[in-house]
Structure formats: structure tokens, C-alpha cells
Amino acid sequence: MTTRVDLSPRPVEAMSPRQLERRGNLIAAALALVNEIGVERLQMRQVCERSGVALGTAYRYFSSKDHLLAAAIADWHRLLLADLVAELRSPRAGMLPTDRVVRFVRHGMRAYQRQPQLARLRVAVAASTDPFASEALQGMARADSAALNAVMAQVPPAAGDLVRHIVGHAWQGELTAWVTGRTTLDDARRRLEDVVRLVLTPYEAA
């Protein structure tokens, strides 16, 4: 009888502090390399050399390059969302509810404009079929939903899921259109802001 060895990467919640440090080093190296050489040219070997983590060890944390890149962009995006939400909760950020969400997506698009390789990374990993990459992307979608919920105080709970879904998909769609050269960044940002106003203004009036 053959015993199968579970080769799945170790869950984050089960990692020791040292393992979390190695995972963080792999993610930091991946993001740095994406910014330097782009998504297509990046290889796991390069990430391991940059991070100081052995290649065999890296696969204990990430099942594939797609999994690593999905986790990397998800971590970066979560930090971006936290910064955007904190800024909009500042007393100096007093504004109408719809304008608050418009500012949220506008500043989010600007962050990707400053690091266009990360925008390309987000679009690239969205098509991954790696199940662990899909889990990382689902986590990013949950972070999007939580952040939007924090800045959409005017939307009643019954409508919140649908409104967040519309805004989140519009953001991903416009990023994809820009990254793939089907639109300019200015047009993508304008359409995204128009979507926000279209779906949120009725709740503000109510």
C-alpha cells in the first residue's frame, strides 16, 4: 500500500514566526522583482535567490509561481486598502458619502498608476487556475468588500453586497482594460468614478 504525501503548502495560520518571516521574504522579493523585470520574466529561482530561501523550501509556502504572485499582490493590495480607508476616516476627510467612495477608488487607481507592474500582476494572476492562487485572490476580494463596506456608510445592509460587487468588478475591469491597452488610464478612472456615482447617488438622496 502506497502512502501519499501531502505536498500542499502550509496554511498561514499554522506557521511559526520564523516561517512567517520566510514567507514574507518570498513575497517581498517577488514584488521587487515584478517591479524590476515584469511578471512574464519572473522565475521562482530568482525569487529564492533574492529572498535567501531555498527553492525546495519555497514550495512549502507556495504551490507554484502563480500562488506566490497571487499571495504577493493580495498582501500588497490589502495594505493599500488599509491606507485608503484610514485616510478617508481622518477628520480632515469630511465630504459627501458618494464623494468619499469616489476618492477611495481614485486614489486606489493612482496607486496602481505609480506601480504599473503591480497592476499588470493583478490582471495576470486573475486568470490563474492554481487552486491556492484562487484562494489568495478570494482573500483579496474579501478585503475589497470589507474596505468598501467601511467607506459606504450610506448603503443599507440589504443592498451592500450587490453594490460592493458592482464597484469591485468595475475596478477590476477598468484596471484590466488599461493594462491590456484597450483604454487610457484617464478614461478608465473616469468610467470607474462614473460607476460609483451611478450606483451610490440614489442611496445618498434617500
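The values are calculated or read from the model by the stated rules, or taken from the named source; none is laboratory data. What you are looking at is a predicted structure, and each value in this text was computed from that prediction instead of being measured. Glycine gets a Cβ as well: all are built from the backbone with ideal geometry, and neighbour counts include every protein chain shown. Areas reflect the complete protein model, heavy atoms only, side chains present, ligands, DNA and RNA absent. Shrake-Rupley method; radii C 1.70, N 1.55, O 1.52, S 1.80 Å.
What net charge is computed for the residues neighbouring A153, neighbours being all others with C-beta under 12 Å from the C-beta of A153, Lys and Arg scored +1, Asp and Glu -1?
Value of the local net charge: +1.
For segment 15-85, with equal point scatterers placed on the C-alpha atoms only and solvent neglected, what are the log10 I(q)/I(0) values from the Debye formula at q = 0.13, 0.15, 0.18, 0.28 1/Å, to two decimals?
-0.35, -0.46, -0.65, -1.34
For segment 155-206, just the Cα set please: Rg and Dmax, both in angstrom.
For segment 155-206, the Cα-based Rg and Dmax read 12.4, 39 Å.
Calculate I(q)/I(0) for the chain by the Debye formula, one identical point scatterer on each C-alpha and no solvent, and give its log10 at q = 0.17, 0.18 Å⁻¹ to two decimals.
The computed values of log10 I(q)/I(0) come out as -1.14, -1.23.
Counting only complete DSSP H runs, which helices of the chain cover 24 Å or more along their long axis at the Cα atoms and score a mean Kyte-Doolittle of 0.5 or above?
65-88
How much area per residue is accessible in the chain when the probe is 1.4 Å and only protein heavy atoms are counted (Å²)?
54
Given C-alpha coordinates of segment 72-132, what is the ratio Rg to Rh with the Kirkwood estimate of Rh?
Using only Cα positions, Rg/Rh for segment 72-132 is 1.07.
Under 15 Å from a point 7 Å along the Cα-to-Cβ line of A127: which residues of segment 36-67 have their amide N that close?
Counting only backbone N, you get 39-41, 66.
Of H77, H67, H169, which has the largest mean-square fluctuation in a 10 Å C-alpha GNM of the chain?
In this elastic network of the chain, the residue with the biggest mean-square fluctuation among H77, H67, H169 is H169.
Given all pairs of different Cα atoms, what value in angstroms does the Kirkwood hydrodynamic radius of segment 1-123 take?
It works out to 16.4 Å.
Express the carbon and sulfur contribution to the solvent-accessible surface of the chain as a percent, rounded to the nearest whole number, probe 1.4 angstrom.
53
Report, largest value first, the span of the C-alpha coordinates of segment 91-206 along each principal axis, in whole Å.
If we take the Cα atoms of segment 91-206, the spans are 42, 30, 26 Å.
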